[in-house]
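Below is one structure, written out as structure tokens; comments come after it.
We did not get these values from a lab; they are worked out from the coordinates using the rules stated. Keep in mind that this is a model prediction, so the values were computed, not measured. When we count neighbours, we look across all protein chains shown, and the Cβ atoms used for this are built from the backbone with ideal geometry, even at glycine.
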């Protein structure tokens, strides 16, 4: 049986969720730093305050948590429909997904390259994430 948390326990857990300097962001930033890439973090001058910005290459990187950004949304949505406070969570995550799309479009229209990684991909395949970033840099340098 799944663990059932009291309202107070759930509140305590939710209170500790960070908006910046999350574990996944730190893992990816550390890997980029070790490779010699310099970046800005939570860059407020751009829409969505991207988690990592490589200003030199006009690349923005978002590190998205699977739950709050709705990975495999149709599957997650079905699970949420059976959970407590389902209307709240479905509305919240749907809005997050819409906002992610709007931010992507705005940044793309301003000439930025947008890369989004899922948290588990960063944790389990950090090297592959860095490789995606390096290939993007390489492609952008060839175009210019």
Open item on the list: I want to verify a result. In a Gaussian network model of the chain, Cα cutoff 10 Å, which of these has the top mean-square fluctuation: 75, 114, 26?
Closed with: 75
Task: Nitroxide proxy distance, nm - points 7 Å out along Cα→Cβ at residue 26 and residue 83 - done: 2.4 nm
Task: Descending semi-axes in Å of the chain, equivalent ellipsoid built from Cα gyration tensor - done: 31, 17, 14
- [ ] Sort 80, 28 so the one with the fewest other Cβ atoms within 10 Å of its own Cβ comes first.
- [x] 80, 28
TODO: Determine the gain in length on full extension of the stretch residue 40-residue 138; use 0.36 nm per residue of separation and subtract their C-alpha separation, reporting nm with one decimal.
DONE: 33.3 nm
Open item on the list: Need one number: % antiparallel among DSSP beta bridges in the chain, to the nearest 5.
Closed with: 45 percent
- [ ] For residue 95 and residue 33, compute 0.36 nm times the residue count separating them, minus their Cα-Cα distance, and round to one decimal in nm.
- [x] 19.1 nm
Open item on the list: Using a 10 Å cut-off around each Cβ, can you sort 143, 106, 20 from fewest to most neighbouring Cβ atoms?
Closed with: 143, 20, 106
TODO: Can you tell me how much longer the chain between residue 56 and residue 124 gets when fully stretched, taken as 0.36 nm per residue apart minus their C-alpha distance, in nm with one decimal?
DONE: 21.8 nm
Task: the chain: calculated mean residue ellipticity at 222 nm from DSSP helix runs of at least 4, using -39500 (n - 2.57) - done: -17000 deg cm²/dmol
- [ ] Based on other C-beta atoms within 10 Å, arrange 142, 93, 27 from fewest to most.
- [x] 142, 27, 93
TODO: Note the angle between two axes, namely the Cα long axis of helix 23-34 and the longest principal axis of the Cα atoms of the chain, as a number of degrees from 0 to 90, rounded to the nearest 10.
DONE: 10 degrees
Open item on the list: At a threshold of 8 angstrom on Cα-Cα distance, excluding pairs fewer than six apart, so keeping six or more, what relative contact order does the chain reach in percent?
Closed with: 25 percent
